[in-house]
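> Could you have a look at this structure, given as structure tokens, before my questions?
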4 protein chains.
Amino acid sequence: MTRFRLGPNRYGKAETHLVRVTRDGDVHHIRDLTVSVALSGDMEAVHLTGDNAAVLATDTQKNTVFAFAGEYGIDSPEGFALRLARHFVESQPTIRHARVAVEEHPWERIPTSGGKRHSFVRSGGETRTALVHHGEKTTVVSGLKDLVVLNSTDSEFWGYVQDRYTTLQETRDRVLATEVTARWRHATAEGDWEGSYPAARRLLLEAFAETYSRSLQQTLYAMGERLLEGRPEVCEVRLELPNKHHFAVDLEPFGLANDNEVFYAADRPYGLIEGAVLRDGAPDPGPAWS
Amino acid sequence: MTRFRLGPNRYGKAETHLVRVTRDGDVHHIRDLTVSVALSGDMEAVHLTGDNAAVLATDTQKNTVFAFAGEYGIDSPEGFALRLARHFVESQPTIRHARVAVEEHPWERIPTSGGKRHSFVRSGGETRTALVHHGEKTTVVSGLKDLVVLNSTDSEFWGYVQDRYTTLQETRDRVLATEVTARWRHATAEGDWEGSYPAARRLLLEAFAETYSRSLQQTLYAMGERLLEGRPEVCEVRLELPNKHHFAVDLEPFGLANDNEVFYAADRPYGLIEGAVLRDGAPDPGPAWS
Amino acid sequence: MTRFRLGPNRYGKAETHLVRVTRDGDVHHIRDLTVSVALSGDMEAVHLTGDNAAVLATDTQKNTVFAFAGEYGIDSPEGFALRLARHFVESQPTIRHARVAVEEHPWERIPTSGGKRHSFVRSGGETRTALVHHGEKTTVVSGLKDLVVLNSTDSEFWGYVQDRYTTLQETRDRVLATEVTARWRHATAEGDWEGSYPAARRLLLEAFAETYSRSLQQTLYAMGERLLEGRPEVCEVRLELPNKHHFAVDLEPFGLANDNEVFYAADRPYGLIEGAVLRDGAPDPGPAWS
Amino acid sequence: MTRFRLGPNRYGKAETHLVRVTRDGDVHHIRDLTVSVALSGDMEAVHLTGDNAAVLATDTQKNTVFAFAGEYGIDSPEGFALRLARHFVESQPTIRHARVAVEEHPWERIPTSGGKRHSFVRSGGETRTALVHHGEKTTVVSGLKDLVVLNSTDSEFWGYVQDRYTTLQETRDRVLATEVTARWRHATAEGDWEGSYPAARRLLLEAFAETYSRSLQQTLYAMGERLLEGRPEVCEVRLELPNKHHFAVDLEPFGLANDNEVFYAADRPYGLIEGAVLRDGAPDPGPAWS
């Protein structure tokens, strides 16, 4: 009599760090990806008895990442993830579903005087992300993280609930800063990934900068809406916006004014605002976000 | 004509770091928690117009954490989270659902010669976790993370799929090491949280140590099964087990044998095995795991 | 009879995170600094008996950082550190020496369509550093860290010692990548800090890119030399260059060639090359680097 | 005409992560070390011209770490570091000085019912450290880091300097918490390393717990003094004690008292107290601490 059963499960090789150089004569190109694969399928036996007959080893998954980078190059994080995900499901009868997550670390060229073009500097700023699921259906989510932005004015916060534990003073002028994690779901698995990403990033930045904000939630919605308005290929946006509190320092004890110019940037605790904005008629996401 | 709409959303104060001392004469007790609150409810207006009338400020949530610690003390991470979650939902008509996540950092007493008992040392090892949801239903998930374990033998790996990209050699003896993240869902929101946790932790350790392993998936299932067998109050276990690869170093070039005694402990990439084990008849989790 | 004695010591407030906005009408400017102060002086009593009469509290040091930011603004990391260091030593008879370390986190403007100019994005990339000592003498060290650079060719490594433990294959073409920590000492405590820094940074990048390298040590020296050649105000450069190994992946098992195009970027272990380059006649550094 | 010259330099392989299992029948033992080697010597040529003839490749250094672990085992971090340092200097004419730094990550056995003894759990808490220099002289520094301790009373802070920027209120009762980094220099390079370390650790803990503290500097000195009193083989102790501030939360607005029982544990900024305690007649350290 079985009393217990296996629930949802997946396995794979996480964080394979791949750098792909393309040599076009003296002009080199570079893409720098961290790739995480997770597969699921006929995995009862391996859990219950340790029989690995249905298991594609995680080491093999890693090899496949490197081999595909060599054979096909990296056209885009999304495209590379799609190619890998389809390969695992279509080449292995025991694999029913593949999830491939990619992070891309951006590089810029170092300006040099000679004709050689093989020197690069990590540009920092945000990390580009892609998350692909391939199984019963195929979904593509693009995104970015670690994008830190700040408005030094045009932000208010007042009119909130007052209860026994409320001590916060209302403000009509504050710094609003956050570290954006944004992900946007594409309506289909076909796309101009390399054109779409920088446009989406620009829309997010513009919406953050141009929104006169009475709450970080309002800014969040404005960012999602702006992206949906500007990019018809996107059907849903999800944002995680930590409120990186900048507290104006009281300088009065030192005989000084502080007209919102001197701030203490706190680490913890922090507000955390999470939300989704959807286009009417967006298709069911399935496991797209998981 | 509305073309866009607000999807799932929540907001709150994350990572309020609270230390609660209880003074029982010269004998002091300490609990050290990081508390993250996330609320949801009638939040259309704040997203669409910045009207904060339905918003309980995250600063107020933080104050509530400290005030409750003072007024009620910390009986357990689960109990404290339940008290907070119920308060937010029941005291605010606009709040329909509360999620409270707690991490507890363990301390031990420093042995001292005198009668005083107010000195402590962080015991390291794992962090205890609790995740409570309160809304239409109430769910409690206990857990731990950062529990690093290793078996120096009794682990094999062979019999897996061989495809074009497979180069891994089969092995009948390897080191198996992982950093356990385990969470277990309670069937009800009533429990002996302080008794249940150490027992569950012990069962996980024992199952890891005593399972002769042919795959990390097999070990995962054994750990979940052992916990369900030993703790009837638990209805589901979810585990995330990164395979912290320990590669036997080839010492032959140096004229030395290596009978599985010298290992290079690699950081990345790593295998990642995730899975759930459920008791038959486990109630629907709702948002318990999210 | 005293058998023990107090050795070198210092104390202060570390990592005060200060953001200074300057409002020039609708055009705002921002500087984002982490400031660490360490003071030393007549500190026998506080160590031996707990008498704090000579101690300027670290909380007061933090207040001073914020107050000076308000009163004087931030002209440059070096200038701000100098002002603080001089203040502590000159205003407190018990403080004989001050060390002020600053990290500056860079921001860029977000391009916006309207006339407002108060939106910023963290530009990532390197962190600018400044280290000032003020006591018997005054020294200024400028620098940067977290500057990650890569050459995809023009790097060799061969001709090294062969001993019993050597297995590395020689190479005439490899990727050379490093995360630069560079610090450069100024000959005097007067300087055009805001002009000097970007010029020094540019010289380091150019030297890295333009040096055909037979070892990372050679590249290190070339970077230091280039900076000294180009910036007469600098008398010494110290560099820490971790060799971020990029291993060409063997794709032969998969029937593929790898003409130095597919790399595994390893985390640990890594080579670490540290060295100084000095101008002849550089003054004695005293505690400048500590 | 040379205008520039090479200053102090060193190079080596950093953070080789080694796990050494010793199999004594069914009873296994484990040591888990991260080893960083830095060598210096006749390194003019490699810096100036890229000639590697004097260079022992960092890859070879890594191989040596693994080979020595296999051939000799790990008696202690200090002993292993000494063996490596002596090897590099004595086997290579171009290497004049070796620095070997070791971190040891502690493991405990998992209690199991059967006779097998090959299961371990990382015990967390502090990391043990060792730093050996071998060149003109040989020095050994033992230590630990990440040891977090807290006294919930018996700590005061008052009587400090009052200046224009002082706002801190004096206190006769506060929490004192710190994360200890301690290093202690041995008078000679011969020692009972495995006996000395746990005794030294215990003395540091006891001194922290038993010192009624009027300043963290007083506690620092008491810890150093206690270690020197108890361990005659040690001639100098250096401590870095960040003051992990625990601020009593003002609960009055909520109608609650707070008799030093509810604290907010802050991350940054933090006080940082650094100091050395020496035995009279301690030998010159040379580069022991660098």
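> In whole angstrom, how far apart do the alpha carbon centroids of the stretch C:130-154 and the stretch A:74-89 sit?
Centre-to-centre distance over Cα atoms comes out at 41 Å.
> Using a 10 angstrom cutoff on alpha carbons, build the Gaussian network for chain A and name the most mobile of A:HIS28, A:HIS134, A:HIS105.
Judging by the Gaussian network model, the answer is A:HIS28.
> I've got another one for you. Sorted from largest down, give the three principal axis spans of the alpha carbons of the protein assembly as shown, whole angstrom values.
74, 71, 67
> Where does the charge balance sit around C:VAL121 when Lys and Arg score +1, Asp and Glu -1, over other residues with C-beta under 9 Å from its C-beta?
0
> Return the inverse of the average 1/r over all pairs of distinct C-alpha atoms in the stretch D:182-224, which is the Kirkwood hydrodynamic radius, in Å to one decimal.
Roughly 11.5 Å, rounded to one decimal.
> Using the eigenvalues of the Cα gyration tensor, what equivalent ellipsoid semi-axes result for the stretch A:4-83 when each is taken as the square root of five times the eigenvalue, whole Å, largest first?
After diagonalising the Cα gyration tensor, the semi-axes are 34, 11, 9 Å.
> Work through the residues other than D:VAL148 whose Cβ is under 9 Å from its Cβ and net out their charges, Lys, Arg +1 and Asp, Glu -1. Mind dumping the intermediate values first?
Numbers: positive: B:ARG122, D:LYS244; negative: D:GLU126, D:ASP146, D:GLU179.
For residues surrounding D:VAL148, the net value is -1.
> Another question, if that's okay. Cα convex hull of the stretch D:70-125: mean projected area in nm², to one decimal?
5.5
> Please build a GNM for chain A, connecting alpha carbons under 10 Å apart, and tell me which residue among A:LEU256, A:LEU84, A:LEU33 fluctuates the most.
A:LEU256
> Now for a different question. Set Lys and Arg Cβ to +1 and Asp and Glu Cβ to -1, take the dipole of chain B about its Cα centre, and tell me which of B:ALA98, B:GLN169, B:PHE157 lies farthest positive.
B:ALA98
> So what's the net charge close to C:THR167: Lys and Arg +1, Asp and Glu -1, counting the other residues with Cβ under 12 Å from its Cβ?
Values: positive: C:ARG164, D:LYS62; negative: B:ASP250, B:GLU252, C:ASP163, C:GLU170, D:ASP59.
With Lys, Arg at +1 and Asp, Glu at -1, the net is -3.
> Let me ask another. Magnitude of the Cβ-charge dipole of chain D, K/R +1 and D/E -1, about the Cα centre, nearest 20 debye?
860
> Further question: Rg over Rh of chain A, using C-alpha atoms and the Kirkwood radius, what does it come to?
Answer for chain A: 1.06.
> Put +1 on the Cβ of each Lys and Arg and -1 on the Cβ of each Asp and Glu in chain B; which of B:ALA53, B:LEU256, B:GLY125 then has its Cα farthest toward the positive end of the dipole?
My answer, from the dipole projection, is B:ALA53.
> Also, quick follow-up: For the stretch A:142-244, what D do you get in µm² per second when you plug the Kirkwood radius from alpha-carbon pairs into Stokes-Einstein at 4 °C and 1.567 mPa s? Walk me through the numbers on the way to the answer.
Working: Rh = 14.7 Å.
The Stokes-Einstein estimate is 88 µm²/s.
> What chymotrypsin sites (Phe, Trp or Tyr not before Pro) does the stretch B:87-143 have in DSSP loop regions with at most 12 other beta carbons within 10 Å?
none
> Looking at the stretch B:136-209, which chymotrypsin sites (Phe, Trp or Tyr not before Pro) are in a loop (DSSP not H, G, I, E or B) and have at most 15 other Cβ atoms within 10 Å?
B:TRP158
> Just to confirm my numbers, what's the Cα centroid distance between the stretch B:218-290 and the stretch D:188-213 in Å?
Going from one Cα centre to the other spans 36 Å.
> List the pairs from B:LYS13/B:LYS137; B:LYS145/C:LYS145; A:LYS62/D:LYS145 whose alpha-carbon separation is above 30 Å, in the order I gave them. Provide the component values of the computation, followed by the final result.
Details: B:LYS13/B:LYS137 22 Å; B:LYS145/C:LYS145 32 Å; A:LYS62/D:LYS145 35 Å.
Cα-Cα > 30 Å for B:LYS145/C:LYS145; A:LYS62/D:LYS145; rest within.
> Take the alpha carbon atoms of the stretch A:79-171, find their radius of gyration, then divide it by 2.2 N^0.38 Å using N residues; give the quotient.
Working: Rg = 23.0 Å, N = 93, 2.2 N^0.38 = 12.3 Å.
Here the answer is 1.87, to two decimals.
> Please build a GNM for chain C, connecting alpha carbons under 10 Å apart, and tell me which residue among C:GLY191, C:GLY114, C:GLY230 fluctuates the most.
Result: C:GLY114 has the largest fluctuation of those listed.
> Ratio to report: Rg/Rh of the stretch D:128-187, with Cα atoms as the point set and Rh obtained by the Kirkwood method; give two decimals.
1.24
> A follow-up question, please. Please report the equivalent ellipsoid semi-axes of the stretch C:1-43, computed as sqrt(5 x eigenvalue) of the Cα gyration tensor, largest first, in whole Å.
The three semi-axes for the stretch C:1-43 are 43, 8, 5 Å.
> Per-residue ellipticity at 222 nm for the protein assembly as shown, helices alone: DSSP H runs ≥ 4 residues times -39500 (n - 2.57), over residue total, nearest 500 deg cm²/dmol?
-7500 deg cm²/dmol
> Relative contact order, percent, of the stretch C:1-137 when contacts are C-alpha pairs under 8 Å separated by at least 6 residues?
Relative contact order, the stretch C:1-137: 26 percent.
> What per residue convex hull volume, in Å³, do the alpha-carbon atoms of the stretch A:1-150 yield?
133
> Let me see the P(r) profile for the stretch A:201-290: every Cα-Cα distance counted, bins of 10 Å, each bin given as a percent of all pairs.
Percent of Cα pairs in each bin: 14, 35, 28, 14, 7, 3.
Any read-out appearing in this document is the output of simple, stated calculations on the displayed coordinates, not a laboratory observation. Computed from a predicted model, the values in this text were never measured in an experiment. Here Cβ is always computed from backbone atoms with ideal geometry, including for glycine, and neighbour counts include all displayed protein chains.
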